[in-house]
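Down below is the structure, laid out as structure tokens.
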């Protein structure tokens, strides 16, 4: 009995969310010790190595010039998104930052998916709505620090716009290529981060003591891979919404490792997200 393609796409998108959420936690933690562009340039380099190795093993060809342009645009917007997210996570609490960026980052691609692929089934629309509600509930926090941090909120909004641009642009690359479009976009992240280091006159980071930055790059690249694989087996809006559940992983990790308090309301938001996954899958 063949494995249902929609279910496989769901599993891949959910895996993307877990890996992305872990990467955001790691990258946000790294920016508490270093400049966000130092973290970004190292994470981009480690991600590039992973993607290049995968492309060589699977012998994947590069896309056309139009596909290269879409991938480059995805890289530019992704650079803005990741840099803003890492900075926001370093100055604000993840329980507000990650979900805010996720809701904005998923909203625009979902609208784009509606326009290009038509409306999905009623159960999926209900699942999308529950996912957005769940993500927002996960973001609720009672601390004054998170509630009053205007800077971290604006940075989270900027991160969401960057992520939306990445998902829309990378989905426009023709064919079923996975690794080579990400090599192009990741190269733009590396070049953009390197340029910002030069403009801000910040030194290029060494490898010693920056293990979290390198790990963040591997996890972020892994999340990208699972997202593009999910897009091959299900609709764009479905892949986007499910992969955008990554704040749950970020919040749970910060609660476990950094001892940030997770309220009952936030746990309820996680449960709502799980119900949303079921509705989107059926």
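What follows draws every value from the coordinates through simple rules; no lab data is involved. This is a predicted model, so every value here is computed, not measured. So basically every Cβ, Gly included, is an ideal-geometry build from the backbone, and we count neighbours across all protein chains shown.
Brief remarks on what is shown
- Cβ crowding within 10 Å, taken as a proxy for footprinting-reagent exposure, orders 24, 237, 220 from fewest neighbours to most as 237, 220, 24.
- This ranking places 138, 110, 271 by how few other beta-carbon atoms lie within 10 Å of each, fewest first, which gives 271, 110, 138.
- On full extension, the segment bounded by residue 111 and residue 208 gains 30.6 nm, given 0.36 nm per residue less the C-alpha separation.
- GNM remark for the chain: springs join alpha carbons under 10 Å apart, and the peak mean-square fluctuation among 56, 158, 215 falls on 56.
- Distance between modelled label sites at residue 265 and residue 62, nm, 7 Å Cα→Cβ extension: 5.0
- Restricting the calculation to Cα atoms, the range 192-282 yields a radius of gyration followed by a Dmax of 17.7, 52 Å.
- As a rough footprinting exposure proxy, the listed residues 77, 238 were ranked by other beta carbons within 10 Å of their own, and the order from fewest upward is 77, 238.
- The Cα center of the range 1-36 and the Cα center of the range 62-122 differ in position by 13 Å.
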